[in-house]
Ligand SMILES: Cc1cc2nc3c(=O)[nH]c(=O)nc-3n(C[C@H](O)[C@H](O)[C@H](O)COP(=O)(O)O)c2cc1C
């Protein structure tokens with residue numbers, strides 16, 4: 001079954017999708033998966049459950065869909081039917097925003113990579129909260145954990161970032177199984193400066209103290225870049241420990257395009273196979289310096305690259321670019 005589906009995807013579906021502009025292909029695939037009847041066909045398709053408990057959340061298996069794939073949370077039942085152990089939606093910003101002009105996703109098939117500069121195109125916290133409220137109250141609410149990834153609205157000055165995250169947090173906290181604070185996307189000017197100590201402490205203090213006011217506080221995770229120095233990573237770890245952050249997601253896309261130079265002529269964040277080694281190195285460094293749970297993400301394309309992240313110290317994994325290249329068969333290949 002697994003062999004068949006990955007061959008079917010790689011030989012028939014992928015060539016069709018890869019003939020299109022990457023963003024058009026993405027929307028088409030999302031729409032196809034959502035047509036009535038598709039869900040029923042997908043059920044029972046995924047790997048067997050491998051439950052695990054981490055930061056108080058019960059995961060169906062350790063492989064999740066990374067942030068950015070379903071930014072607006074429009075296809076949650078599909079990811080569940082395909083066998084993902086959890087899904088992280090977003091990045092969600094306080095205000096709806098269109099993102100950068102197109103084209104803004106670029107495919108590099110040889111090195112199995114993508115470069116994107118989407119710039120947080122999303123429906124905004126209010127619309128997404130309403131969508132999730134409806135789904136949670138429906139006859140078939142999600143049975144896998146839904147993480148919600150939050151970022152800063154482009155128009156909000158960086159000095160007011162904490163208030164901007166707080167606005168989205170208040171709306172979305174009750175609807176999330178965990179919240180991920182994204183301070184690492186390269187396509188919102190200034191966002192990565194929130195990884196610096198003083199700004200990070202302010203953000204973590206604002207969000208964790210608000211979280212404590214809710215009847216059911218939720219795990220707060222931090223998603224970091226792969227382009228940090230060891231000193232910067234140590235400071236991030238100490239801030240996370242000080243504010244009892246539940247875990248670290250490592251990593252986002254990289255600004256270092258040297259792995260695919262001179263092909264990589266587009267601006268934006270690089271993901272996929274060329275990111276694999278660097279993100280694994282970040283996971284290893286984190287594991288050597290903290291006991292906090294780690295979600296490993298970056299260049300996971302098969303069982304070997306998944307094992308590498310586990311061996312480096314990750315407890316959970318996420319995929320994005322690997323899923324674009326390998327399709328639904330990737331889940332069974334990794335989870336058995
Ligand atoms: C097209 C695209 C859009 C993305 N959007 C987001 C996003 O909105 N928020 C975020 O935290 N990460 C985003 N990411 C980063 C992924 O979640 C992931 O951290 C990164 O791509 C590395 O994993 P991969 O090599 O499996 O793709 C995006 C990645 C891609 C390729």
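Overview of results
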{"read-out": "Per-residue Cβ neighbour rank within 10 angstrom, fewest leading, 45, 59, 69", "value": "45, 69, 59"}
{"read-out": "For the chain, built as a Gaussian network whose Cα springs stay under 10 Å, the top-fluctuating residue of 273, 109, 58", "value": "109"}
{"read-out": "Cα-projected label distance for residue 230 with residue 304, points at 7 Å along beta-carbon direction, nm", "value": "2.8"}
{"read-out": "Percent of alpha-carbon pairs separated by more than 31 Å within the chain", "value": "25"}
{"read-out": "Mean-position separation - Cα centroids, the range 53-125 and the range 224-289, in angstrom", "value": "17"}
{"read-out": "Distance in nm between pseudo-label sites at residue 155 and residue 13 (7 Å out along the Cβ direction from Cα)", "value": "3.8"}
{"read-out": "Segment residue 31-residue 95, length gained on full extension (0.36 nm per residue, minus Cα span)", "value": "20.6 nm"}
{"read-out": "Where labels lie 7 Å past Cα in the beta-carbon direction, separation of residue 21 and residue 143 in nm", "value": "4.0"}
{"read-out": "Mean residue ellipticity (222 nm) of the chain, computed from DSSP H runs ≥ 4 via -39,500 (n - 2.57), nearest 500", "value": "-11000 deg cm²/dmol"}
{"read-out": "Relative contact order [Cα under 8 Å, 6+ residues apart], the chain, whole percent", "value": "18"}
{"read-out": "290, 206 arranged by Cβ crowding within 10 Å, fewest neighbours leading", "value": "206, 290"}
{"read-out": "Fewest-first sequence of 8, 79 by Cβ atoms within 10 Å of each Cβ", "value": "8, 79"}
{"read-out": "Debye log10 I(q)/I(0) for the range 1-135, one point scatterer per Cα, at q = 0.11, 0.15, 0.19, 0.20 Å⁻¹", "value": "-0.48, -0.92, -1.39, -1.46"}
{"read-out": "The range 243-336: C-alpha gyration tensor shape, a/c 1.5 cut-off, then a/b vs b/c", "value": "oblate"}
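Each reported figure results from applying straightforward, stated rules to the coordinates on display, with no laboratory input. Here the structure is a predicted model, which is why all the values come from computation and not from measurement. Cβ sites come from the backbone with ideal geometry, for glycine too, and all protein chains shown count toward neighbours.
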